[in-house]
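**Q** One structure coming up, written as structure tokens, with questions to follow.
The values are calculated or read from the model by the stated rules, or taken from the named source; none is laboratory data. Quick caveat: nothing in here was measured; it's all calculated off a predicted structure. All Cβ positions, even for glycine, are placed from backbone atoms using ideal geometry, and neighbour counts span all protein chains on display. All accessible areas refer to the heavy atoms of the entire protein, side chains included, with ligands and DNA or RNA removed. Shrake-Rupley method; radii C 1.70, N 1.55, O 1.52, S 1.80 Å.
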Amino acid sequence: MDTCRAPANASKCSGNTMECFMVLSTQAQKISIGILCGLFGTMCVFENSLVLYLIFSSPGIRKKPSYLFIGSLALADILASIIFVCSFVNFHVFNKAGFSKEVFLLQLGGVNTSFSASLSSLLLTALDRYISISRPSEYKLLMTRKRAWTALAVLWLTCATIACLPLLGWNCCVLDSVCSELFPFVDDNYQSGWVCFVMVLLGCIVYAYAHVLWRAHQHVAYMEKHQAQVGKQNTRMRMDVMLAKTLVMVLAVLVLCWSPVLVLMIYSIFARLSDHLRKVFAFCSTLCLLNSMVNPIIYALRSKELSSSLRRVFSHFRRQLKVTEESPEAESTHKSSVIETVCEDTHTM
């Protein structure tokens, strides 16, 4: 396996740079990380899989570009959870480092691709709401299914390309440059570039949501002045306001969960991290899973279409369960009736 220079504060690692990044020193820390990853990861996969099912099992929902973007977000969160949990637990909890530099960078690329696609899907959703509220009369012409699918294809291709740059050669082993103190083999300049990319995404999302909130506030004021008017326009505005509030909740959770990780990554660019801060970074990384787990809950609680679809699924499940429970009773009643009839015929004879 190729070796790279270890972090300056990890000279005790006796030449094995992979071990330099295994910062969890006690069994309690490893168990805590394992429990958090297992809980958040399992719930995230289940909830986002349910969101995907609700979207693509309903023809009326899956035709709308808004829900195509939400579906992309759910898919990105599922992939991020699976890849992140498997690689993170395998590395930090079980301390397995018997794989090559290329395998590690491939895993890291998968995690970065998924999380970047998650943020980018939120950006597309914000832009979708921005167009819907700022230019409602032209929305259907501007945001078509074809354009939505094209935007998603460009999104995923761009995120995958940026995430795979270390695997393609932009790493501190090939360049013989300064390595990151948080990730093995990762060039410090690449980490800076990825952080800037994420910050640009967050900035664009915040700007789009700020405009959406402003227009939503105007819509609320308009509806309060025209309460007597009931029509399709008011219904559409109510839906826009509801979805805008939902997406702002998603953004708030996103910022709260990602801020600690981004702050520590930025800090590591300008200063050396102590062992304590590197442990804090490991635990803060699990907050990204928490964000992916909370997003579907917000959709289910705030989106009327998804919540209605979810209620239909639960109603269908309850009916099927009720039929299954009643079938043995009906069969037992039928058998008892047959036995009683036979007994009566025998007594008559």
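**Q** Using only the Cα atoms of segment 68-154, construct the convex hull and provide its projected area averaged over every direction, in square nanometres to one decimal. Display every interim value, and only then the final one.
**A** On the way: hull surface 25.5 nm².
With every direction weighted equally, the projected area is 6.4 nm².
**Q** Please list, in chain and number order, the residues 5+ apart from Val186 or on another chain whose amide H is under 5 Å from its amide H, with Hs placed from the backbone.
**A** Cys172, Ser180
**Q** Follow-up question, since we're still on this one. Would you kindly find the accessible area of Trp149, with a 1.4 Å probe and non-protein molecules such as ligands, DNA and RNA excluded, rounding to the nearest 10 Å²?
**A** Number for this one is 120 Å².
**Q** Find the centroid of the Cα atoms in segment 32-82 and in segment 147-168, then give the distance between the two in whole Å.
**A** Each part's Cα centre sits 19 Å from the other's.
**Q** Convert 37 °C to kelvin, take the viscosity as 0.692 mPa s, use the Kirkwood radius over C-alpha pairs of segment 47-108 as Rh, and evaluate the Stokes-Einstein diffusion coefficient in µm²/s, rounded to a whole number. List each step's numbers first, then the result.
**A** Details: Rh = 13.5 Å.
Here the translational diffusion coefficient equals 243 µm²/s.
**Q** Enter the accessible area of Ile31 (Å², nearest 10), with the probe set to 1.4 Å and all protein chains included.
**A** The accessible area of Ile31 comes to roughly 90 Å².
**Q** Measure off, as a whole percent, the carbon and sulfur share of the 1.4 Å-probe accessible area of segment 161-215, all protein chains present. Intermediate results must be reported in sequence, preceding the final value.
**A** Working: 1770 of 2420 Å².
Of all accessible area on segment 161-215, carbon and sulfur atoms account for 73 percent.
**Q** For Trp214 and Asp275 in the same chain, what is the full-extension length gain: residue separation times 0.36 nm, less their Cα-Cα distance, in nm? Can you show the working numbers first?
**A** Numbers: separation 61, 0.36 × 61 = 21.96 nm, distance 4.42 nm.
Working it through step by step, the gained length comes to 17.5 nm.
**Q** Full-extension gain between Val263 and Arg319, please, as 0.36 nm times their residue separation minus the C-alpha to C-alpha distance. Each step should come with its number before you reach the end.
**A** Numbers: separation 56, 0.36 × 56 = 20.16 nm, distance 4.99 nm.
Full extension of this stretch gives 15.2 nm more.
**Q** If R0 is 30 Å, what FRET efficiency do you get for Arg135 and Phe56 from their C-beta distance, rounded to 0.05? Don't skip to the answer; put the middle values down first.
**A** Details: r = 28 Å, r/R0 = 0.92.
Result of the calculation: an efficiency of 0.60.
**Q** Arranged from highest to lowest average of other beta-carbon atoms within 10 Å per residue, in what order do the peptides 202-211, 138-147, 102-111 appear?
**A** Values: 202-211: 17.0, 138-147: 12.4, 102-111: 19.5.
Output ranking for 202-211, 138-147, 102-111: 102-111, 202-211, 138-147.
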